[in-house]
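Colleague: Take a look at the following structure, please.
The values are calculated or read from the model by the stated rules, or taken from the named source; none is laboratory data. Treat the numbers as computed from the prediction; the structure is a model and nothing was measured. Cβ coordinates were reconstructed from backbone atoms using ideal geometry, including for glycine residues, and neighbour counts include every protein chain displayed. The accessibility values were calculated without ligands, DNA or RNA, using every heavy atom of the protein model including side chains. Shrake-Rupley method; radii C 1.70, N 1.55, O 1.52, S 1.80 Å.
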Amino acid sequence: MFRFVCSAAVAVAGLGVAHAGIDLHGADCGLHSDYSMAVKPDALVFTRTGGSPGEVVIANGTLRVDGRVVALGAADRERVLGIEHGVRDVLPQLREIVHDAVQIAFDAVTEVSGAFAKDAEAARASAERLARTAADIRRQIDANDSLAAWKGKELDRLVDQAVGTLVAEVVGNVAGQAISVALSGDEKAAAELEARADGIDAKVERIVARRSRELAQRADAICPRLRTLARLGSELEVRPDGRRLQLARVD
């Protein structure tokens, strides 16, 4: 039982982002890109390493490729305007989904922490600390203009770093309770602790599964708009250096 509770407490830190079943970088929408995109106040900046062009900038109907302004026809000007406006329109929804994915992870850890806290005051303190940390991560997300920073692995890393200390405390609390019960020989107390562990594990799984499904549905609903933006990029007639620009590919 003790090993089960400890492993559950550690594993719950990773729930939410990785298990939400979404990839906000486009893979689940059938989109693939060799570029990372940053959304600046006055431009969209696409960058990559090991390929040419290495930088493509779209700004107010203009196009720069590796620092050079590229002349556009009327149709291409409308396309790049459509890409920029479309990205800026969908950005708030993407950011909201990322916020909610992070919140799922923090809510899961809060449930476990509260269930095995030493007392009500400790439970309240850990919940408040988690709320402050979650708010700080949301601020980091909003301050980062690169969508690559919103990918599942990056968010997992942020969450793991943020809740690592608290998870260690949860494991310590559970270990202390389990040892005390084992030394006391109180079979009823042991059964109650195991039942509490089973109960919180099942509760967290239900919460995360339901909310992750909802989150994935919201992400899927944005896919047609993202595919439209990718299509606009693929239809650009301009050929910098004699080659078609391929900012994104659609399966």
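Colleague: Within region 107-123, work out how many residues are farther than 20 Å from residue 207 by Cα and either in contact (Cβ under 8 Å) with a residue 60 or more places away in the chain or surrounded by fewer than 15 Cβ atoms within 10 Å (Cβ to Cβ) (or both).
Modeller: Adding up the residues that qualify gives 4.
Colleague: Of everything in region 38-92 that's basic (Lys, Arg), outside any strand (DSSP E or B) and surrounded by 14 or more Cβ atoms within 10 Å (Cβ to Cβ), which residue is modelled with the lowest pLDDT?
Modeller: Out of the qualifying residues, it is 48.
Colleague: For region 228-251: of the residues being open to solvent by 90 Å² or more (accessible area, probe 1.4 Å) and at pLDDT below 90, which is nearest to the chain's Cα centre (by Cα)?
Modeller: So the residue we want is 251.
Rundown of residues vs (1) farther than 22 Å from residue 99 by Cα; (2) modelled with pLDDT of 70 or more, yes/no style:
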site	(1), (2)
141	no, yes
149	no, no
158	no, no
168	yes, no
176	yes, yes
202	yes, yes
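Colleague: Does region 11-29 contain any residue that is at negative phi, of a type outside the set (Ser, Thr, Tyr) and modelled with pLDDT of 60 or more?
Modeller: Yes, region 11-29 has at least one match.
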